Amino acid sequence: QPGERQRVVERFTGAYLYESVNDVRFRGDLDTARGICGAHVREMLRADGRQSGGLLGPAILLDAMLRVREDELRAAASARGPIRRRRVGDAARPAACPVCHEAASVVEGTLRHLVRSTEDPRWADAVAGAHVFLEHLVVMMATPGRPAGWAAVERRQLDRLASLRARLIAH
């Protein structure tokens with residue numbers, strides 16, 4: 001999964017740089033999201049270096065993100081009392097990074113597909129025996145329309161967590 005997630009990140013950061021920089025809708029969505037996270041800014045710069053290295057695309061996007069964040073900070077700086085605290089708190093929120101959102105959507109889709117696959121007993125046994133991250137197990141447990149085979153998978157995964165806890169406590 002990390003390989004697929006990284007491919008999604010690379011694809012979207014490259015697309016943002018070369019296809020969406022001047023797209024009005026994308027730029028509006030980016031403003032609403034308040035930019036992209038630091039990790040994906042770095043990925044955007046790496047993607048630019050792999051392509052043109054001219055930094056024009058990243059400069060345009062970084063300028064747009066900084067404008068939004070600077071406006072928030074200026075509004076906070078000009079306020080007093082509870083309004084200032086609220087505005088500073090709002091400005092401190094991390095960006096709702098669209099690259100993170102896209103990567104998470106791909107992972108969630110894969111996990112939901114795995115849950116549906118547990119209809120086949122061989123897949124159910126494979127998923128039940130896999131070392132699933134806790135955050136992924138939560139997504140899988142929340143998948144609507146889980147097949148009957150999922151119940152046994154869920155029990156085994158929960159037993160695996162209990163066993164892990166017992167090992168941790170024993171040390």
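The values are calculated or read from the model by the stated rules, or taken from the named source; none is laboratory data. Treat the numbers as computed from the prediction; the structure is a model and nothing was measured. A quick note on method: Cβ atoms are made from the backbone with ideal geometry, for glycine too, and the neighbour counts reach across all protein chains shown. The protein model used for the area step is the full one, side chains on, heavy atoms only, and it has no ligands, DNA or RNA in it. Shrake-Rupley method; radii C 1.70, N 1.55, O 1.52, S 1.80 Å.
Compactness ratio of the chain: Cα Rg over 2.2 N^0.38 Å, N = residue count?
Working: Rg = 21.4 Å, N = 171, 2.2 N^0.38 = 15.5 Å.
Ratio of Rg to 2.2 N^0.38 Å for the chain: 1.38.
Just to confirm the number: angle between the C-alpha axis of helix 98-117 and the first principal axis of the chain, 0 to 90 degrees, nearest 10?
So the inclination is approximately 10 degrees.
Using only helices, what value at 222 nm comes out for the chain when you add -39,500 (n - 2.57) per DSSP H run of length 4 or more and divide by the total residues, to the nearest 500 deg cm²/dmol? Walk me through the numbers on the way to the answer.
Working: 9 runs with 129 residues, N = 171.
Calculated from helices alone, the mean residue ellipticity at 222 nm is -24500 deg cm²/dmol.
When the Cα centres of region 14-50 and region 109-145 are compared, how far apart do they sit, in Å?
32
With r defined as the distance between the Cβ atoms of residue 131 and residue 69 and R0 fixed at 25 Å, what FRET efficiency is calculated, to the nearest 0.05?
Computed FRET efficiency for residue 131 and residue 69: 0.05.
So which chymotrypsin sites (Phe, Trp or Tyr not before Pro) in region 123-154 are both in a DSSP loop and have at most 16 other Cβ atoms within 10 Å of their Cβ? Could you put the intermediate results ahead of the total?
Numbers: sites: 123, 133, 150; in loops: 133.
Answer by residue number: 133.
Starting from the Kirkwood Rh over alpha-carbon pairs, what translational D in µm² s⁻¹ does region 31-72 have by Stokes-Einstein at 37 °C and 0.692 mPa s?
On the way: Rh = 10.7 Å.
In µm²/s, the coefficient is 308.
Among 4, 135, what's the order by accessible area (1.4 angstrom probe), most exposed first? Intermediate values should be presented prior to the final figure.
Details: 4 75, 135 130 Å².
Ranked list, largest accessible area first: 135, 4.
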